[in-house]
1. Quick check on my filter: what residues within segment 17-33 are part of a helix (DSSP H, G or I), modelled with pLDDT under 90 and surrounded by fewer than 16 Cβ atoms within 10 Å (Cβ to Cβ)?
2. May I ask you to list the residues in segment 34-56 that are closer than 22 Å to residue 131 by Cβ and assigned to a loop (DSSP other than H, G, I, E, B)?
3. Consider segment 72-101. How many of its residues are free of Cβ contacts under 8 Å to residues at least 60 places away in the same chain and either crowded, with 16+ Cβ neighbours inside 10 Å or under 10 Å from the mean Cα position of the chain (by Cα) (or both)?
4. If you take the residues in segment 104-148 that are surrounded by 11 or more Cβ atoms within 10 Å (Cβ to Cβ) and in a helix (DSSP H, G or I), which one is modelled with the lowest pLDDT?
5. When the residues of segment 102-118 are filtered to those that are out of contact with any strand residue (DSSP E or B) (no Cβ under 8 Å at 6 or more places or on another chain) and in contact (Cβ under 8 Å) with a residue 12 or more places away in the chain, which remaining residue is farthest from residue 46 (Cα to Cα)?
6. Filtering segment 57-103 down to residues that are closer than 20 Å to residue 17 by Cβ and assigned to a strand (DSSP E or B), which residue is modelled with the lowest pLDDT?
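The values are calculated or read from the model by the stated rules, or taken from the named source; none is laboratory data. Everything quoted here is computed from the prediction, not taken from an experiment. Positions of Cβ are backbone-derived with ideal geometry, glycine not excepted, and every protein chain shown enters the neighbour counts.
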């Protein structure tokens, strides 16, 4: 029997083989947001999506990121992890945001963790948080204009 190998540089490997992780070759913010909603559903949580400027916000009054895992929030966004109550070979798709979005952050009770990209100004973040009901887990990501079509191309 062969030994299991730990995958390193998960995000880099996903970027190189995006055809394995996305429905088509074009990166779609809508697809990435719907993936998170679907994952939350498998974890027994109803999540919603709201688009605010370039930001796509997936949110719920139940924290689906903490369900079904002992991993830290940062680890969920940087590694492939199985998805409970989903078909075989399913994985949590937060890592796809890290691979394909320009900016990724998550907030709970107005405490935010920046996963990728430059921290946004307090005013911009404040504007986003005002448009989402308080007390929700929020995962917000932005793909800069003109990046959706050509991101990942050499």
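1. 19, 20, listed by residue number.
2. Listed by number, the residues that qualify are 45, 46, 47, 53, 54.
3. Number satisfying all stated conditions: 8.
4. Looking at residues that are surrounded by 11 or more Cβ atoms within 10 Å (Cβ to Cβ) and in a helix (DSSP H, G or I), I get 148.
5. Here the answer is 110.
6. 82
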